[in-house]
Each structure stands twice: as structure tokens, then as C-alpha cells.
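The values are calculated or read from the model by the stated rules, or taken from the named source; none is laboratory data. Remember, predicted model here, so these are calculated numbers, not experimental data. Cβ placement follows ideal geometry from the backbone for every residue including glycine, while neighbour counts extend to all protein chains displayed. To get the accessible areas, we keep the full protein, side chains included, count just its heavy atoms, and leave off ligands, DNA and RNA. Shrake-Rupley method; radii C 1.70, N 1.55, O 1.52, S 1.80 Å.
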Amino acid sequence: MTETVLVAYGSTNGSTAEIAEHIGEVLTKEGLTVDVRSAATVVGLGPYDAVVLGGGLYAGRWHRDARRFARRHGKALAQRPVWLFSSGPLDPSASERDIPPTPGVRRIADRTDARGHITFGGRLEGDVKGRMARMIVNSGKGGDFRDFAQIAAWAAEVAQDLSVRPPSP
Ligand SMILES: Cc1cc2nc3c(=O)[nH]c(=O)nc-3n(C[C@H](O)[C@H](O)[C@H](O)COP(=O)(O)O)c2cc1C
């Protein structure tokens, strides 16, 4: 039977949502059944065999929707294979080296016994929400630092890991 995977995300300006969509496309190509949703809209994990959860980084913390999701579904997450991703750095650093999870995300990784975590570059440009965000863009420090080849490669690893180590019955 094909595994059904939830890719849930917390995103203010949409760039983490697009990363989640891209991960979903790769998992679908790899033969999995995939649901990509905003973390705030997920009611229960019953339909899902595995979960990929990601959040945009804001002041060193995951987006609130991703944090709340992890809290609300903690028990169900601990019973499923889980992968986590963060998205944030507005420079090429995330393509060049492994950026460890922030302390809060590390705690979530520990509690859910996550099989993996990765930090992807972020994006901040155009018509963004929030005073700080507009200040960053107006000062020329924004841009799109997401590496879609890196994102696809990571998603393919997730699919591979799931097919090698399917969730326990
Ligand atoms: C107010 C503010 C705070 C931010 N703080 C961080 C941070 O602590 N670490 C980081 O890597 N990126 C930080 N960023 C960059 C965002 O994480 C990045 O723009 C990300 O792609 C946003 O995701 P979203 O579009 O899904 O909301 C910050 C951006 C803003 C506007």
C-alpha cells in the first residue's frame, strides 16, 4: 500500500509554503500519496502515515503555526516517522553548509524522534507583511535564497528513507 504523507508548514510570506509544495511534488513523483497543508488547518493526523513539518524562522523561532502544530499533535507525531525543515537564512549559507536547528526546533525534533532536520535558505522580497520585513527588503537585504535542487534532493532522501523503513504497522 502507498504511504500517505502530510507536508505541513508555518509561513507568513509564502516562501515556506512554496518549499512545502516542492517537497510534496517530489514525494508524489516518488510514488507517495501527499497532502500539503498549512499547519494551522490540520485537524488530526489519523489519515497520515508520515509527516514532514516545516516552519519559516522568525527571531530564532519557528513560525507559530508550526510550533503549535508540534504541540497539538505531539503524541501522534511521536508515533509516526517525522522529518523537519526550517527556512530562513537570507544569504547563501544554507546551500553551503548544514545549519543546525534552533533550540526550540531541536526540542521538537527530540520529542518527535524526528528522522531528520534541514535548514533551507529563505526568501523575503516584494510586498512583504510586517514592519521589520519591509525594513529588511527596503534596506536591500532581502532576496530569494531558496535552493530548489537542494530541496528536491532532501525530499528524495525522505522518500527513500520511507521506502526502506516504512512506518511501523
Ligand atoms: C522579522 C523577521 C525575522 C526573521 N528572523 C529570522 C531568523 O531568526 N533566522 C533566519 O534564518 N531567518 C529569519 N528571517 C527570514 C525569514 O525566515 C525568511 O524570510 C523566510 O523565508 C520566511 O518564511 P515565510 O515566507 O514562509 O514566512 C526573518 C525575517 C523577518 C521578516
So residue 164 and residue 2, fully extended at 0.36 nm per residue minus their Cα-Cα distance, gain in nm 57.0 nm
Which of 38, 60, 73 sits farthest toward the positive end of the charge dipole of region 4-111, with +1 on the Cβ of Lys and Arg and -1 on the Cβ of Asp and Glu? 73
Quick one: accessible surface of residue 58, probe radius 1.4 Å, all protein chains present, in square angstrom to the nearest 10. 100 Å²
Counting only protein heavy atoms and leaving out ligands, DNA and RNA, the solvent-accessible surface of residue 49 at a 1.4 Å probe, in Å² to the nearest 10, equals 50 Å²
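Leaving ligands, DNA and RNA out of it, report the carbon-plus-sulfur percent of the accessible area of the chain at a 1.4 Å probe.
Carbon plus sulfur share of accessible area: 50 percent.
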Round to a whole angstrom and tell me the spacing of the C-alpha centers of region 114-169 and region 52-103. 9 Å
Would region 4-164 count as rounded, prolate or oblate if I go by the C-alpha gyration tensor, calling it rounded below 1.5 in a/c and otherwise prolate when a/b exceeds b/c, oblate otherwise? prolate
Accessible area per residue, 1.4 Å probe, Å², for the chain: what's the number? 51 Å²
